[in-house]
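Peer 1: Encoded as structure tokens, here's the structure I'll be asking about.
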Amino acid sequence: MARWRLENPMPWNGTHKPSLAIITGGQIGNLLPNSSWMEWNFADISRRAAQIDEATTAIRTIMLPFFALFETPATAVKTLIHYPALWQSSLIEYALAHVGRDAARHAMRQYLAANPRIHARYDEALTYIRLRGPITHRGDTGAELAMIASIHAFDLRDI
């Protein structure tokens, strides 16, 4: 991913940032169907063994299946595009790097269709990009997706 991003830079990625290889990140509980905060306190010796068991179970039942999705990049993109806690712009870049342009465009189209508020921000950002140039900061999913679409020359009319 880092190599692909160096060859296909976004305005907000530098060349020496550790984030170049990141696809997503966050709290493990965000991967559950109903997001919840998950934490374990290992300081209390009387509960430490139970806490280790709970954390190990979470890793086995939540994280390992999540990582396994990436063994088949197309499956990862198709499955994860609608996870609200993930960084969809990074997932679209992942799709471009590992599945191809058509898959990335299709995933972006699906995501925007399912998220009207982000789609509205996407449309606003496209107008901004056309009038003023690139968006150089992260933090707005709609703007990030618009920048990706602009840089990779997606047919913006059908997104």
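Peer 1: Go through segment 5-112 and tell me which helices (runs of 4 or more DSSP H), entirely inside it, have 1 or more residues that are without any contact (Cβ under 8 Å) to a residue 60 or more places away in the chain and within 30 Å of residue 129 (Cβ to Cβ). Steps first, answer last, please.
Peer 2: Values: elements: 48-58, 64-69, 73-80, 88-98.
Filter on segment 5-112 gives 73-80, 88-98.
Peer 1: Hey, another quick one. Among 91, 86, 131, 145, which is the only one that is of a type outside the set (Ser, Thr, Tyr) and more than 15 Å from the chain's Cα centre (by Cα)?
Peer 2: Working: 91 fails: more than 15 Å from the chain's Cα centre (by Cα); 86 fails: more than 15 Å from the chain's Cα centre (by Cα); 145 fails: more than 15 Å from the chain's Cα centre (by Cα).
The unique qualifying residue is 131.
Peer 1: Being at pLDDT below 80, closer than 13 Å to residue 138 by Cβ and open to solvent by 30 Å² or more (accessible area, probe 1.4 Å) is the filter here, so list the residues in segment 10-21 that pass it.
Peer 2: 17, 19
Peer 1: Condition first: closer than 22 Å to residue 26 by Cα and not hydroxyl-bearing (Ser, Thr, Tyr). Can you find one or more residues in segment 120-137 that meet it? Quick ask: steps written out before the conclusion?
Peer 2: Restricting attention to segment 120-137, the residues satisfying the condition of being closer than 22 Å to residue 26 by Cα are 137.
Those still in the list that are not hydroxyl-bearing (Ser, Thr, Tyr) too: 137.
Looking through segment 120-137, at least one residue is closer than 22 Å to residue 26 by Cα and not hydroxyl-bearing (Ser, Thr, Tyr).
Conditions tested, residue by residue: (1) over 30 Å from residue 151 (Cβ atoms); (2) surrounded by 12 or more Cβ atoms within 10 Å (Cβ to Cβ); (3) hydrophobic (A, V, I, L, M, F, W, C).
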{"residue": "32", "(1), (2), (3)": "yes, yes, yes"}
{"residue": "103", "(1), (2), (3)": "no, yes, yes"}
{"residue": "109", "(1), (2), (3)": "no, yes, no"}
{"residue": "121", "(1), (2), (3)": "no, yes, no"}
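Peer 1: Working only within segment 67-77, note down all residues that are under 17 Å from residue 33 (Cβ atoms) and open to solvent by 70 Å² or more (accessible area, probe 1.4 Å). Lay out the reasoning, then the answer.
Peer 2: Just the residues of segment 67-77 that are under 17 Å from residue 33 (Cβ atoms), to begin with: 69.
Across segment 67-77, there are no qualifying residues.
Peer 1: Ok, one more. Does residue 57 satisfy the condition of being over 19 Å from residue 8 (Cβ atoms), loosely packed, with under 11 Cβ neighbours inside 10 Å and β-branched (Val, Ile, Thr)?
Peer 2: Details: over 19 Å from residue 8 (Cβ atoms): yes; loosely packed, with under 11 Cβ neighbours inside 10 Å: yes; β-branched (Val, Ile, Thr): yes.
It is true that residue 57 is over 19 Å from residue 8 (Cβ atoms), loosely packed, with under 11 Cβ neighbours inside 10 Å and β-branched (Val, Ile, Thr).
Peer 1: Among the residues of segment 79-96, is there at least one that is closer than 25 Å to residue 27 by Cβ, surrounded by fewer than 18 Cβ atoms within 10 Å (Cβ to Cβ) and among the polar types (S, T, N, Q)?
Peer 2: yes
Peer 1: Kindly evaluate residue 50 against the criterion of being within 25 Å of residue 27 (Cα to Cα), out of contact with any Cys (no Cβ under 9 Å at 6 or more places or on another chain) and open to solvent by less than 20 Å² (accessible area, probe 1.4 Å). It would help to see each step written out before you state the result.
Peer 2: Details: within 25 Å of residue 27 (Cα to Cα): yes; out of contact with any Cys (no Cβ under 9 Å at 6 or more places or on another chain): yes; open to solvent by less than 20 Å² (accessible area, probe 1.4 Å): no.
Judged against the criteria, residue 50 is not a match.
Peer 1: Of all residues in segment 123-159, count the ones that are of a type in the set (Asp, Glu) and either open to solvent by 50 Å² or more (accessible area, probe 1.4 Å) or more than 20 Å from residue 96 (Cα to Cα) (or both). Please lay out each step first, then the result.
Peer 2: Going through segment 123-159, the residues of a type in the set (Asp, Glu) turn out to be 123-124, 140, 144, 155, 158.
Add one more test, that the residue is either open to solvent by 50 Å² or more (accessible area, probe 1.4 Å) or more than 20 Å from residue 96 (Cα to Cα) (or both), and what stays is 123-124, 155, 158.
Of the residues in that region, 4 qualify.
Peer 1: State all residues of segment 113-159 that are touching a residue at least 24 places away in the same chain (Cβ under 8 Å), within 25 Å of residue 7 (Cα to Cα) and of a type in the set (D, E, K, R); if no residue qualifies, say none.
Peer 2: Of everything in segment 113-159, those that are touching a residue at least 24 places away in the same chain (Cβ under 8 Å), within 25 Å of residue 7 (Cα to Cα) and of a type in the set (D, E, K, R) turn out to be 138, 144, 155.
The values are calculated or read from the model by the stated rules, or taken from the named source; none is laboratory data. Keep in mind that this is a model prediction, so the values were computed, not measured. Cβ: placed from backbone, ideal geometry, glycine included. Neighbour counts: every protein chain shown. When the accessible area is computed, the model is the full protein with side chains, heavy atoms only, and any ligands, DNA or RNA have been set aside. Shrake-Rupley method; radii C 1.70, N 1.55, O 1.52, S 1.80 Å.
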